[in-house]
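In what follows, a single structure is set out as structure tokens and then discussed.
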Amino acid sequence: MNYSLDDLLVSAYENIPEAESRPVIGITANYSDIDATVRDRYYKQIISAGGVPVIIPPIADTAIIADTLNKVDGILLTGGGDYNPLWCGEEPSPKLHNINKERDAAELILTRLAYNKQIPMLGICRGIQTLAMTLGGHVAQDISSQATIKHSQDADREEATHSVTVEEGSMLHSIYFPTTNTQHPTSNTLNVNSFHHQAVDNPGSIFRATAYSKDGIIEAIESTEYKNVMGVQWHPEWLGKDGLPLFKWLVDSAREYKDVAELHSRVLTLDTHCDTPMFFHEGVDFTKRDNRILVDLHKMTDGRQDATIMVAYLPQPKEGQEFYENINPNFPKERKSITPSSYADSIFDIIDSTVTKVPQYLSIARTPTDLYANKQQGKKSIMLGIENGLAIEHSLDKLRHFADRGIVYITLCHNGDNDICDSARGCNTHNGVSEFGEQVIKEMNRLGIMVDMSHAGEKSFYDALEISEKPIVCSHSNSRILCDHPRNLTDDQLRAIAKKGGVVHTTFYHGFLNQTSEADILDGIRHLEHAIDIMGIDHVGIGTDFDGDGGVCGMRDASDIQQFTRQLLRRRYSESDIAKIWGGNWLRVMTEVQKAK
């Protein structure tokens with residue numbers, strides 16, 4: 001061995017740029033006696049796959065785990081002892097082996113937080129059980145009554161002793177049996193090693209089983225949510241080159257995650273429509289992670305989302321109904337005294353008070369300049385909007401009042417005609433935009449408020465396009481040719497709004513994406529790309545409609561925002577195009593509209 005430190009450092013200095021580009025993989029440590037330990041096979045496979053391994057000690061401190069996750073690009077959940085069955089509300093089986101209490105809480109916390117952050121994960125043996133235990137599946141304490149083959153081999157760990165059948169179409173199948181020739185299917189059998197008496201017997205709803213042993217034991221699971229999360233029951237770290245493809249998958253997934261994270265640090269990400277405020281009267285706290293809502297401060301942070309436009313949504317009363325009959329029953333005031341205007345004001349009051357509580361993390365934005373300044377300061381931004389011009393109560397003075405409050409757009413109508421215009425779900429009351437509606441649009445132009453024609457009828461859409469001196473927008477609308485719903489836009493409408501400089505933002509309400517099967521993130525991509533084909537890249541964006549019944553598989557809530565970016569990168573969109581999609585186009589229109597002020 002050369003004991004000259006200077007000689008040893010020569011190659012290190014030469015390779016620093018390359019080394020810094022490698023993804024960092026956190027490896028969970030075992031706990032033995034008084035030491036945190038890890039088998040060298042794990043980190044050697046990570047290195048062979050092109051990653052940088054770091055060991056994560058078994059410490060159940062949420063702050064330390066959260067900080068650790070901010071510094072890694074992937075997680076390897078390693079093998080080891082059994083879980084305490086009390087974690088899943090069960091008493092121990094007589095056949096339960098050793099329990100590793102030092103690891104349980106630490107790894108359960110780490111796995112849940114990593115999943116929320118979209119961090120790629122590979123679980124091995126105990127690791128696959130960690131995924132199931134944490135994320136809604138179930139682990140059988142002992143499989144001896146079901147197993148008809150030996151699952152705890154006496155042979156050397158490097159030797160495969162039984163086979164597993166891999167589901168075609170799974171990530172696991174694409175890793176081991178890649179092919180583009182559908183006329184000649186590849187094999188679907190892997191030979192693996194085996195050292196376990198527990199196994200996942202129910203993967204839950206967010207995983208699916210993708211490999212089985214010959215006796216039906218689940219040997220692999222993977223995400224059903226388009227996330228790079230997978231678990232295997234065998235030990236690929238011992239299988240050398242035969243096990244390496246799984247580690248390459250993890251490292252490649254981590255590299256993809258790292259690319260998305262770095263891109264989001266440079267690009268402003270704005271969702272132009274969310275309805276979360278309609279739940280504020282139920283006591284939800286936007287500053288805390290709350291399963292009742294799809295957008296909160298924590299989910300925005302997990303998804304690396306910079307900004308959202310929160311609307312005060314006003315349901316359109318049916319004929320003979322009073323406005324208060326349709327609003328949230330938890331509204332704190334005397335219901336019969338509530339007017340559309342006072343209801344919208346109450347929503348904005350709650351948003352203001354929420355921002356006041358955490359000014360270091362959250363800020364109201366009124367202009368594109370505000371958005372970029374908040375991003376630079378590490379703050380999330382909320383912009384204000386109104387969904388349904390009913391809020392102005394047939395009064396231009398009240399329109400000016402909401403302009404003073406800082407709203408950036410008004411969706412002129414919702415599901416029903418109002419005094420401004422006819423809805424796509426209305427009765428053609430005005431044959432388009434009313435005389436009062438024309439005044440509203442012109443005053444919105446003067447005040448610098450964007451005219452949003454999502455929900456509007458087709459005649460209303462074209463009327464607004466002609467009346468408005470500024471470009472109009474559709475904050476959350478899809479393509480009718482792909483999903484035949486009157487709420488969606490025809491190709492002619494897409495061309496017309498683009499010709500006038502406006503934008504149309506793809507939404508994730510399932511009924512506007514796909515009416516023949518369950519919608520998912522790829523349907524959103526399909527609608528976005530159709531809009532790009534018709535309008536061009538400068539006229540599209542994203543308005544999720546989260547908490548307004550928006551949210552589909554792969555884009556369930558704000559923590560999934562970066563999932564969409566990952567899909568765009570896979571399709572080779574440039575950074576400048578992604579920046580346009582994630583708000584750049586919208587902000588161009590907003591800047592032009594706000595010049596009127």
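The values are calculated or read from the model by the stated rules, or taken from the named source; none is laboratory data. What you see is a predicted model; the values in this text were computed from it and never measured. No Cβ is skipped: glycine too gets one built from the backbone with ideal geometry, and neighbour counts run over all protein chains shown. Accessible surface is based on the protein model in full, side chains and every heavy atom, while ligands, DNA and RNA are left aside. Shrake-Rupley method; radii C 1.70, N 1.55, O 1.52, S 1.80 Å.
Residue by residue, here is whether (1) assigned to a helix (DSSP H, G or I); (2) of a type in the set (Lys, Arg); (3) open to solvent by 30 Å² or more (accessible area, probe 1.4 Å); (4) in contact (Cβ under 8 Å) with a residue 40 or more places away in the chain holds:
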position	(1), (2), (3), (4)
486	no, no, yes, yes
492	yes, no, yes, no
495	yes, yes, yes, yes
505	no, no, no, yes
517	no, no, yes, no
522	yes, no, yes, yes
534	yes, no, yes, yes
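Do we find a residue being among the acidic types (Asp, Glu), farther than 27 Å from residue 200 by Cβ, touching a residue at least 12 places away in the same chain (Cβ under 8 Å) and open to solvent by less than 40 Å² (accessible area, probe 1.4 Å) anywhere in the stretch 254-269?
Step one: filter the stretch 254-269 for residues among the acidic types (Asp, Glu), giving 256, 259, 262.
When the remaining residues are screened for being farther than 27 Å from residue 200 by Cβ, the result is 259, 262.
Next cut, touching a residue at least 12 places away in the same chain (Cβ under 8 Å) only: 259.
From the residues that got through so far, the ones that are open to solvent by less than 40 Å² (accessible area, probe 1.4 Å) too are none.
The answer is no; no qualifying residue exists.
For the stretch 337-355, enumerate the residues that are more than 26 Å from the chain's Cα centre (by Cα), free of Cβ contacts under 8 Å to residues at least 40 places away in the same chain and open to solvent by 20 Å² or more (accessible area, probe 1.4 Å).
337, 342, 349, 353
So if I check each of 554, 541, which one is touching a helix residue (DSSP H, G or I) at 6+ places or on another chain (Cβ under 6 Å), under 15 Å from residue 477 (Cβ atoms) and either surrounded by 22 or more Cβ atoms within 10 Å (Cβ to Cβ) or among the hydroxyl-bearing types (Ser, Thr, Tyr) (or both)? Break it down into steps so the answer makes sense when it comes.
Numbers: 554 fails: under 15 Å from residue 477 (Cβ atoms).
On inspection, the qualifying residue turns out to be 541.
Write out, first by first residue and then by second, each pair whose Cβ atoms fall under 7 Å of each other, whose residues are 6+ apart or on separate chains, and whose first residue, in the stretch 537-565, is touching a residue at least 24 places away in the same chain (Cβ under 8 Å) and assigned to a loop (DSSP other than H, G, I, E, B) while the second is open to solvent by less than 10 Å² (accessible area, probe 1.4 Å) and among the charged types (D, E, K, R).
543/271; 544/271; 545/275; 547/275; 548/275; 554/560; 557/299
Being farther than 17 Å from residue 29 by Cβ and either exposed (fewer than 14 other Cβ atoms within 10 Å of the Cβ) or of a type in the set (D, E, K, R) (or both) is the filter; apply it to the stretch 71-86 and report the residue that is modelled with the lowest pLDDT. Quick ask: steps written out before the conclusion?
Going through the stretch 71-86, the residues farther than 17 Å from residue 29 by Cβ turn out to be 73, 84-86.
Pick out the ones that are also either exposed (fewer than 14 other Cβ atoms within 10 Å of the Cβ) or of a type in the set (D, E, K, R) (or both) and you get 73, 86.
Details: 73: 98, 86: 89.
Going through the qualifying residues, I end up with 86.
Does the stretch 130-137 contain at least one residue that is free of Cβ contacts under 8 Å to residues at least 60 places away in the same chain, more than 28 Å from residue 561 (Cα to Cα) and either buried (at least 24 other Cβ atoms within 10 Å of the Cβ) or polar (S, T, N, Q) (or both)?
Within the stretch 130-137, none of the residues are free of Cβ contacts under 8 Å to residues at least 60 places away in the same chain, more than 28 Å from residue 561 (Cα to Cα) and either buried (at least 24 other Cβ atoms within 10 Å of the Cβ) or polar (S, T, N, Q) (or both).
Somewhere in the stretch 173-191, is a residue of a type outside the set (D, E, K, R), crowded, with 18+ Cβ neighbours inside 10 Å, closer than 25 Å to residue 552 by Cβ and touching a helix residue (DSSP H, G or I) at 6+ places or on another chain (Cβ under 7 Å)?
no
Have a look at 284, 295 and point out the one that is without any contact (Cβ under 8 Å) to a residue 40 or more places away in the chain, open to solvent by less than 20 Å² (accessible area, probe 1.4 Å) and assigned to a loop (DSSP other than H, G, I, E, B). Don't jump to the end; show me each part of the working.
Values: 295 fails: without any contact (Cβ under 8 Å) to a residue 40 or more places away in the chain.
The unique qualifying residue is 284.
Just checking, how many residues over the stretch 499-545 are of a type outside the set (Lys, Arg) and more than 25 Å from residue 306 (Cβ to Cβ)? Outline the logic, then answer.
Residues of the stretch 499-545 that are of a type outside the set (Lys, Arg), as a first pass: 501-525, 527-545.
From what is left, the residues that are more than 25 Å from residue 306 (Cβ to Cβ) are 510-511, 514-519, 530, 533-534.
Summing the residues that are of a type outside the set (Lys, Arg) and more than 25 Å from residue 306 (Cβ to Cβ) in the stretch 499-545 gives 11.
Which of the residues spanning the stretch 195-208 are among the hydrophobic types (A, V, I, L, M, F, W, C) and either open to solvent by 20 Å² or more (accessible area, probe 1.4 Å) or assigned to a loop (DSSP other than H, G, I, E, B) (or both)? Step through it out loud before you land on a result.
First, pick out the residues of the stretch 195-208 that are among the hydrophobic types (A, V, I, L, M, F, W, C): 195, 199-200, 206-207.
Correct list: 195, 206.
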